[in-house]
Amino acid sequence: QHTIIRTIDDPLDDTQKSEHTNKDRNSNKNQITNYQYIKYWKPQGVICTTDRSIRHNILEELEYDGYFPPHRVFPVGRLDKDTSGLILITSDGRLPNSVLRGQAKQPKTYQVKVDKKLRLDDLDHLRNGVVITTYAQRDKQKKMLTAPTLPSIVQQTGINSLEITIFEGRNRQIRKMLEALGYTVVMLHRVEFMKIALKPLEKEGDWVELNLEEMRMIDELIA
């Protein structure tokens with residue numbers, strides 16, 4: 001069974017929690033409590049699409065994991081099918097525009113495991129930027145971009161594992177960065193996005209409403 005965490009850090013009962021949370025949130029000018037915001041531990045194999053005709057789409061998985069929102073929701077950005085970890089789910093269409101486009105793109109942190117021992121000079125390449133080719137859909141046309149990645153924060157965590165924070169969102173970026181250096185990614189797991197952490201979620205399929213501090217960060221980004 002999956003854990004449904006409804007609040008994080010206060011001792012109030014469910015009714016009091018709802019009243020207390022809504023009172024605090026409704027004081028801000030964006031009235032963000034009109035929208036749904038949760039973070040979800042996406043399992044590997046789930047597809048970040050709202051098209052219910054596609055098997056293993058994220059909406060059906062959320063329902064399987066006990067989330068039945070009153071409004072239409074969608075993921076903020078995407079994780080590819082083989083990547084697990086943190087993804088935000090919302091009904092607020094302002095949020096993707098605020099955090100994913102232009103200069104406002106937010107940091108994303110991943111745990112990565114590759115198929116062989118990491119070389120120190122390759123870690124430096126990852127930090128400084130690696131030339132990769134990616135494709136983006138713009139104005140109904142597929143456009144190719146071959147260019148170095150932006151500098152990243154990289155920390156080696158094991159012989160064949162690392163943690164990396166990137167500041168852009170090119171398609172399959174981390175996999176392609178490591179492939180360009182001769183590695184194959186065998187595990188990719190996101191643990192943080194726009195300074196919102198995967199914790200306190202404990203396992204795949206878990207979800208939780210954003211807490212007050214996280215909602216304040218959302219409000220600042222949207223403002």
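The values are calculated or read from the model by the stated rules, or taken from the named source; none is laboratory data. All figures in this text were calculated on a predicted structure; none of them were measured in a lab. FYI the Cβ positions are ideal-geometry reconstructions off the backbone, even for glycines, and counts take in every protein chain you see. Accessible surface areas use protein heavy atoms only, side chains included; no ligands, DNA or RNA. Shrake-Rupley method; radii C 1.70, N 1.55, O 1.52, S 1.80 Å.
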For region 116-132 the number of residues that are open to solvent by less than 50 Å² (accessible area, probe 1.4 Å) and not hydrophobic (A, V, I, L, M, F, W, C) is 2
Considering each residue of region 121-136, count those that are touching a residue at least 24 places away in the same chain (Cβ under 8 Å) and farther than 17 Å from Tyr110 by Cβ, and give that number.
4
Within region 146-155, identify whether any single residue is of a type in the set (A, V, I, L, M) and touching a helix residue (DSSP H, G or I) at 6+ places or on another chain (Cβ under 9 Å), and answer yes or no.
yes
Of the residues Leu95, Leu62, which single one is of a type outside the set (Asp, Glu), out of contact with any Cys (no Cβ under 7 Å at 6 or more places or on another chain), under 28 Å from Val186 (Cβ atoms) and part of a helix (DSSP H, G or I)?
Leu62
Residue satisfying all of: in region 37-96; of a type in the set (D, E, K, R) and under 29 Å from Val114 (Cα atoms); surrounded by the most Cβ atoms within 10 Å (Cβ to Cβ) among these
Lys42
Number of the condition not met by Ile174 [criteria: (1) open to solvent by 80 Å² or more (accessible area, probe 1.4 Å); (2) in contact (Cβ under 8 Å) with a residue 40 or more places away in the chain; (3) under 23 Å from Lys81 (Cα atoms)]
(1)
In the set Glu209, Glu213, Glu168, Glu163, the lone residue that is at pLDDT 95 or above and either in contact with a Lys or Arg (Cβ under 9 Å, 6 or more places away or on another chain) or aliphatic (A, V, I, L, M) (or both) is Glu209
Subset of region 189-204 [closer than 30 Å to Lys142 by Cα and open to solvent by 10 Å² or more (accessible area, probe 1.4 Å)]
His189, Val191, Glu192
Region 35-63: number of residues that are in contact with a His (Cβ under 8 Å, 6 or more places away or on another chain), of a type outside the set (Gly, Ala, Ser) and at pLDDT 95 or above:
2
